[in-house]
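*Asks:* Quick one: this structure, given as structure tokens, is what I'll be asking you about.
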Amino acid sequence: MKFGVVVFPGSNCDHDCWYALSGALGRPAEFIWHKDGDVSGYDCLVVPGGFSYGDYLRTGAIARFSPVMEGVRRHAEQGKLVIGICNGFQILLESGLLPGAMLRNDSLKFVCSYVTLRTETSATPFTRGIKKGELLRIPIAHGEGNYYADEATLAELEKNDQIVFRYADAAGRTTAEANPNGSLSNIAGICNKSRNVFGLMPHPERAIEASLGSADGRRVFESILAEAAR
């Protein structure tokens, strides 16, 4: 499996993602510049975190118009895998590849800390190797991670089993205290109906080795590799 890591002006987690895939997991991974619309040579695209275009207007609002996003859209329509992390999740929302929107954290402050995620479904290529209900410890770093959707969209997400991760406490309870940003229904990550496009606010690439404080992020990338091997 070959990975492509999209790079926008302002991306700052692109090298982290590249290292997680190429260095830690030993898989082919290349950078894709935002002006390159041809992504045909990749099996899985990673839209990384950072501050694409300085987050002007709002997070992801300008990046959605980059030439590369047309390639990402075609890639997704072909059933290939796309994962958006933090700012990448925000870009996928702005591009309409995932439903909903991001608001400012309810604290109106940037948050940077480890959180506990509860796995809500194993029925995605990104969580195939993670049991439903299993807890992961992965860091967050964002100022606009407050996921919002209207009632109808939330109902669809629940009905279609599209909520992939929720913020939880150490016992796996989705309490208000465990929610770092006010996100609707403690949502930390969702997928599309076809289950090949996935966005999450936490950074699995920053939890790729135990020396970083947690290696739980490997589980997401290892699930992608296991899916490819099926």
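None of the figures in this text is laboratory data; all of them are computed from the coordinates on show. Since this is a predicted model, take the numbers as computed values, not measurements. For neighbour counting, all protein chains shown are included, and Cβ atoms are generated from backbone atoms with ideal geometry for every residue, glycine included.
*Asks:* Please compute the length gained on full extension between ASP169 and ASP36, using 0.36 nm multiplied by the number of residues separating them and subtracting their Cα-Cα distance.
*Replies:* 43.8 nm
*Asks:* Another question, then. Antiparallel as a % of all DSSP beta bridges within segment 3-229, to the nearest 5?
*Replies:* Close to 60 percent.
*Asks:* Let me ask you something else. How big is segment 79-212 by Rg and Dmax over its Cα atoms, in Å?
*Replies:* Reported Rg and Dmax, both Å: 13.5, 42.
*Asks:* Using θ = phi - 60° and the Karplus form 6.51 cos²θ - 1.76 cosθ + 1.60, what ³J(HN,Hα) does each residue of segment 81-87 get, whole Hz, x for Gly and Pro?
*Replies:* Per residue, the Karplus-derived 3J(HN,Hα) values read 8, 9, 10, x, 10, 6, 4 Hz.
*Asks:* Per the Cauchy relation, a quarter of the hull surface: what is the mean projected area of the convex hull of the alpha carbons in segment 1-101, in nm²?
*Replies:* Average projection, Cα convex hull of segment 1-101: 5.6 nm².
*Asks:* In square nanometres, what is the average projected area of the Cα convex hull of segment 3-229?
*Replies:* Value for segment 3-229: 11.0 nm².
*Asks:* Among MET102, MET69, MET201, MET1, which comes first, second and so on when ranked by fewest other beta-carbon atoms within 10 Å?
*Replies:* Fewest to most other Cβ atoms nearby, the residues stand as MET1, MET69, MET102, MET201.
*Asks:* While we're here: Going by Cα centres, segment 1-37 and segment 106-128 are how many Å apart?
*Replies:* Taking the Cα centre of each part, segment 1-37 and segment 106-128 sit 21 Å apart.
*Asks:* Also: Among all lysine pairs in segment 3-229 that are eight or more places apart or on different chains, how many have alpha carbons less than 29 angstrom apart?
*Replies:* The number of close lysine pairs in segment 3-229 is 11.
*Asks:* Say R0 is 30 Å: what FRET efficiency, to the nearest 0.05, do ALA176 and ALA123 get from their beta-carbon distance?
*Replies:* FRET efficiency, ALA176 to ALA123: 0.65.
*Asks:* Which ³J(HN,Hα) values in Hz, rounded to whole numbers, follow from the phi angles of segment 215-230 under the Karplus curve 6.51 cos²θ - 1.76 cosθ + 1.60, where θ = phi - 60° and Gly and Pro get x?
*Replies:* Residue by residue, segment 215-230 yields 10, 5, x, 4, 4, 5, 5, 5, 5, 4, 5, 5, 5, 5, 7, 5 Hz.
*Asks:* Please state the charge dipole magnitude for segment 1-94, taken about the Cα centre, from unit charges on C-beta atoms (+1 on K and R, -1 on D and E), reported in debye and rounded to the nearest 20.
*Replies:* 120 debye
*Asks:* Moving to a separate point now. Working out 0.36 nm times the residue gap between ASN160 and GLU222, then minus their Cα-Cα distance, what length gain in nm do you get to one decimal?
*Replies:* The ASN160-GLU222 span can extend by a further 19.9 nm.
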